[in-house]
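J.: Shown below is the structure under consideration.
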Amino acid sequence: MFPRASSFANQVDGVFWYIVGVSLFFFVGIVAFMIYCAIKYNRKKRPFGSHIEGNVPLEIIWTLVPTLVVLTMFYYGWVGFKDERTVPKDAMVVDVTASMWSWLFEYQNGKQSEILFVPVGKPVRLNMYSQDVIHSFFVPAFRIKEDIVPEMSNYMWFKATETGVFDVFCAEYCGLRHSKMLSKVIVLSQEDFDSLYHNPKALKPEEEEEEGPPPGKALTKVHWCFSCHTTDGSTLVGPSFKGIFGAKRKVMTGDQEREITVDDGYLRKSMLEPNADIVKGTKPLMPSYKTVITEQEMDHMVDYLKTLK
Amino acid sequence: MGMTDTVPAGAHPEISFYEEKGRYGGIFSWIFSTNHKRIGILYFVTMMTFFAVAAVLGVLIRLELIAPGKTIMEAQTYNAIYTLHGVLMIFLFVIPGLPAVFGNFFLPIQIGAKDVSFPAINLLSWWLFLAGGILAVVSLFTKGGPIDTGWTFYAPYSIRTETNVSLAVFGVFLIGLSSILTGLNFLTTIHRLRAPGMTWFRMPLFVWSLYATGWIQVLATPIIGITLLLIIFERFLGIGFFDPTKGGDPLLLQHMFWIYSHPAVYIMILPGMGAISEIIPVFSRRTIFGYKAIAMSSLGIAILGYFVWGHHMFTSGMSVTARVVFSFLTFFVAIPTAIKVFNWISTLYKGSIDLASPMLYALSFIFLFSIGGLTGLVLGALAADVHLQDTYFVVGHFHYVMFGGTGFAFFGALHHWFPKMFGKMFDERAAKLAWGTLFVGFMVLYFPMFALGWHGMPRRYYDYLPQFQSDHVISTVGSWILILGLALMAINLLAALWKGKKAEANPWGGTTLEWQIPSPPPPENFEEIPRVDRGPYEFARETV
């Protein structure tokens with residue numbers, strides 16, 4: 001069974017089934033009438049048709065009745081929607097950052113996670129930001145969705161009504177790994193949520209975990225390099241960072257294949273002009289960071305990449 | 001409206017437009033012809049080529065989706081293929097389809113004219129259409145690779161992607177130009193070239209639908225033209241129209257895109273509705289019910305269609321006021337559409353119904369288009385749309401309207417007018433078999449999409465979670481049945497061209513002017529411009 005896990009679900013389902021029900025009524029009528037006529041007035045029985053040009057009262061009826069019916073549909077849709085855009089004052093706020101192709105949820109006390117944890121029965125307001133293109137936060141079990149547009153601060157809210165784990169999808173096409181831009185909402189009881197929320201070891205931003213981490217690692221994460229490049233040697237979208245410095249790589253420069261040794265210059269160039277020398281077998285998908293990364297940040301990131309043996 | 005019988009037989013040797021000796025021979029007698037019928041056939045051949053490619057791409061998409069994960073292609077290939085499927089189908093088949101093929105061929109004949117007002121511009125339209133289509137296809141093989149933005153070209157993705165967006169977008173721009181010129185040509189022709197006695201309310205309803213369509217083509221298409229050029233400028237010069245990091249606004253692109261593309265939905269469907277309004281009276285052998293209501297509702301749809309574009313953006317972050325207003329206005333488009341459906345089915349009442357293949361297409365059009373329209377009501381309601389936006393529910397709705405609607409109307413019109421266009425009869429039993437296969441395939445392919453969408457399956461997903469698989473499998477099986485139906489239809493019609501029986505002037509007993517000239521028509525349609533003295537659907541009545 002498809003869960004109805006938010007306070008909106010019943011209302012949305014009500015609107016949906018109301019419109020489907022009314023539509024079905026008209027649809028069955030239309031189809032039944034077509035079949036009836038096709039049989040009753042078949043040419044085998046009647047070589048000629050009757051000359052009927054129209055009927056004004058009928059035209060008025062089938063203009064007015066659908067008008068009234070669709071206005072009720074509009075009304076129910078509007079009422080449900082009004083609730084979806086009216087955020088309760090006591091809502092807990094979570095900042096959502098979407099980027100190609102991952103989610104990051106940041107709570108009011110600074111904790112971060114890639115899966116959204118919320119308490120049951122408490123309104124949650126999501127303030128949503130995109131780092132690159134348009135994404136859309138969609139939880140089918142909650143019946144809600146809102147686009148996340150770069151440089152726009154879109155928001156949404158919901159109140160989960162049952163505990164459990166529910167799918168989160170990106171619903172606005174965002175490129176290569178759009179269909180992998182998934183997450184979960186985990187709805188916990190208030191107690192469970194509180195103990196997680198106040199546990200100093202849980203939901204910690206990753207860069208605080210290690211003692212004195214190289215600033216390059218944090219930057220690499222901030223710029224979402226790990227969405228496409230792993231540190232464990234496996235190929236995601238681009239080549240892995242593992243052992244990258246000093247490695248010999250076959251690259252394509254235009255149509256020319258050549259072998260290079262990865263050095264400072266190559267790493268820098270790959271951030272600024274990622275598609276100039278592409279590692280053979282990967283696709284030219286990486287956007288340029290020319291306007292995004294400073295010279296100093298690049299120094300740190302190159303230092304960090306050198307450490308990944 | 002009888003006129004051919006008044007022409008003394010043998011006064012001129014009766015040759016068809018196929019046999020006409022023009023300035024050029026061979027292929028040039030086609031690609032440089034300004035005869036509206038030859039241009040209609042040119043469009044038909046080019047369009048069917050693009051349609052076949054796009055249909056195969058559709059089957060490949062379904063095959064990839066038969067199981068989660070990689071089945072037959074990589075994600076990037078999938079994204080390019082679904083984009084190309086959309087671009088080819090929308091811009092090269094569904095939008096130009098009925099007007100360019102049947103409008104060109106039959107509009108002048110139905111109003112008693114020898115050609116359109118501007119025959120040379122008409123030829124230019126086809127050349128622009130061809131050039132646009134070729135550019136879109138060439139863009140696949142150029143540096144950067146095939147466009148992967150979806151047919152909606154949303155920014156900033158369409159600005160950032162490294163694929164060759166510019167060339168494909170420019171191709172669409174040319175096709176838009178072609179569409180504007182066709183619309184202009186039709187409007188002028190309808191205003192200026194109607195035969196004596198062909199008053200506005202004696203015009204066939206197909207002509208009325210082309211008239212309403214013409215206004216949308218002329219008034220709305222320039223907006224997509226500008227939008228597409230802005231995308232190209234943005235990509236080459238980085239001006240900052242749509243890219244928010246440069247002060248642009250991604251929603252601006254969505255507004256501009258849909259200000260055209262929503263009315264364009266009516267460019268796609270109105271001529272289809274017009275064709276259905278021709279087929280139903282002929283195969284019911286009685287006058288259409290509510291002629292004026294159908295004619296005026298075409299104009300109503302054309303006008304209302306301009307004010308509802310925002311319903312594509314209910315989750316975009318647009319203001320709440322805008323969302324409510326657009327939802328309210330959207331529901332009013334349903335009314336002229338409902339009026340048409342009610343009048344069509346009332347035309348069946350006390351008719352003399354022949355369930356020949358064109359009629360089967362027309363009745364299944366009503367069936368499928370009603371599902372498409374009614375699911376549109378669900379999407380027009382704000383609360384429901386917030387859940388269903390960008391899911392397979394939209395994909396299903398869209399295909400019911402565009403394929404179940406326009407596509408079935410196109411194939412209905414093709415069967416209806418095939419004898420007139422090509423002078424040959426097709427095998428009726430094979431036509432019915434192809435129709436049945438197509439219809440079943442259609443339902444199996446697209447109906448599960450409503451369930452998928454309701455359960456939250458997002459559109460444009462290369463991969464999906466396992467709970468969605470069973471519906472995807474059914475849908476993919478449907479695509480095989482559907483493609484079989486299309487193949488049967490194509491084989492049947494090609495066989496008819498090869499060795500079909502010669503068609504009479506009026507095989508179905510139609511009453512509009514095209515049925516009163518030979519099949520295929522002579523080069524200039526009429527020996528003498530006919531005088532019209534009655535409405536378009538005056539059928540013989542039983543003598544009381």
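J.: For the stretch B:17-543, what log10 I(q)/I(0) values come out of the Debye formula at q = 0.09, 0.11, 0.12, 0.13 1/Å, with one point per alpha carbon and no solvent?
T.: After summing over all Cα pairs, the log10 values are -0.63, -0.96, -1.15, -1.37.
J.: Counting C-alpha atoms alone, how compact is the stretch B:206-304: give Rg to one decimal and Dmax as a whole number, in angstrom.
T.: Cα-based Rg and Dmax for the stretch B:206-304 come out at 18.9, 63 Å.
J.: What list do you get for B:TYR392, A:TYR304, B:TYR446 if you sort them by fewest beta carbons within 10 Å?
T.: So the ranking, lowest neighbour count to highest, is A:TYR304, B:TYR446, B:TYR392.
J.: Same structure, new question: Using all Cα-Cα distances in the stretch A:46-142, what percent lands in each 5 angstrom bin from 0 up to the longest?
T.: 2, 9, 12, 14, 12, 8, 6, 6, 5, 5, 5, 5, 4, 4, 1, 0, 0
J.: Further question on the same structure: For chain B, what is the charge dipole size about the Cα centre, in debye to the nearest 20, if Lys and Arg each add +1 at the Cβ and Asp and Glu each add -1 at the Cβ?
T.: 440
J.: I would also like to ask the following. Please compute the Cα-Cα pair-distance distribution of chain A with 20 Å bins starting at 0, giving whole percents from short to long.
T.: Spelled out per bin, shortest first, that is 24, 40, 23, 11, 2.
J.: Additional query: Going through the stretch B:99-180, which trypsin sites (Lys or Arg not before Pro) have at most 13 other Cβ atoms within 10 Å and a DSSP loop state?
T.: B:LYS143
J.: For the cross-link pairs B:LYS143/B:LYS246; B:LYS37/B:LYS501; A:LYS159/A:LYS184; A:LYS82/A:LYS184; B:LYS432/B:LYS502; A:LYS145/A:LYS184, which exceed 18 Å when the distance is taken from alpha carbon to alpha carbon?
T.: As for pairs spanning more than 18 Å Cα to Cα, those are B:LYS143/B:LYS246; B:LYS37/B:LYS501; A:LYS82/A:LYS184; B:LYS432/B:LYS502.
J.: Hull surface divided by four, with the convex hull built on the Cα atoms of the stretch B:136-202: how many nm²?
T.: Over all viewing directions, the stretch B:136-202 projects a mean Cα-hull area of 6.5 nm².
J.: For the stretch B:438-503, what is the largest minus smallest coordinate of the Cα atoms on each principal axis, given in angstrom and ordered from greatest to least?
T.: Taking the Cα atoms of the stretch B:438-503, the three principal extents are 54, 18, 17 Å.
J.: Taking all pairs of distinct Cα atoms, average 1/r, flip it, and tell me the Kirkwood hydrodynamic radius of the stretch B:1-158 in Å to one decimal place.
T.: 18.5
J.: Computed over the Cα atoms of the stretch B:302-409, what is the convex hull's projected area averaged over all directions, in nm²?
T.: Reported value for the Cα convex hull: 7.3 nm².
J.: For a Förster distance of 51 Å, can you work out the FRET efficiency between the beta-carbons of A:ASP299 and B:SER29, rounded to the nearest 0.05?
T.: My answer for the efficiency is 0.15.
J.: Give the aspartates and glutamates whose C-alpha is closer than 12 Å to that of A:LYS242, dropping any in the same chain fewer than 8 places away, or say none.
T.: A:ASP232
J.: Here's a follow-up. Just from its helices, what would the mean residue ellipticity at 222 nm be for the protein assembly as shown, if runs of 4 or more DSSP H residues each count -39500 (n - 2.57) and the sum is divided by every residue, rounded to the nearest 500 deg cm²/dmol?
T.: -17000 deg cm²/dmol
J.: Of all trypsin sites (Lys or Arg not before Pro) in the stretch B:445-544, which ones are in loop regions per DSSP and have a Cβ with at most 11 other Cβ atoms within 10 Å?
T.: B:ARG534
J.: Using amide H atoms built in the peptide plane, which far-off residues or other-chain residues are under 5 Å from B:THR391 H to H?
T.: B:ARG459
J.: For the protein assembly as shown, what is the Kirkwood estimate of the hydrodynamic radius, computed as the reciprocal of the mean inverse distance between distinct Cα atoms, to one decimal in Å?
T.: 29.0
J.: Something else about it: Apply the membrane-span-like helix rule to chain B: whole DSSP H runs, Cα extent along the own long axis of at least 30 Å, mean Kyte-Doolittle hydropathy at least -0.5. List the helices found.
T.: Membrane-span-like by this criterion, though nothing is claimed about a membrane: B:36-64, B:165-192, B:205-237, B:250-284, B:320-348, B:357-380, B:428-454, B:469-499.
J.: Please enumerate, by chain and number, the aspartates and glutamates with C-alpha under 16 Å from the C-alpha of A:LYS250, excluding those fewer than 8 residues away in the same chain.
T.: Partners found: A:GLU259, A:ASP263, A:ASP277.
FYI, it's all coordinate maths here, none of it is from the lab. As the structure is a prediction and not an experimental result, all values here were calculated from the model. No Cβ is skipped: glycine too gets one built from the backbone with ideal geometry, and neighbour counts run over all protein chains shown.
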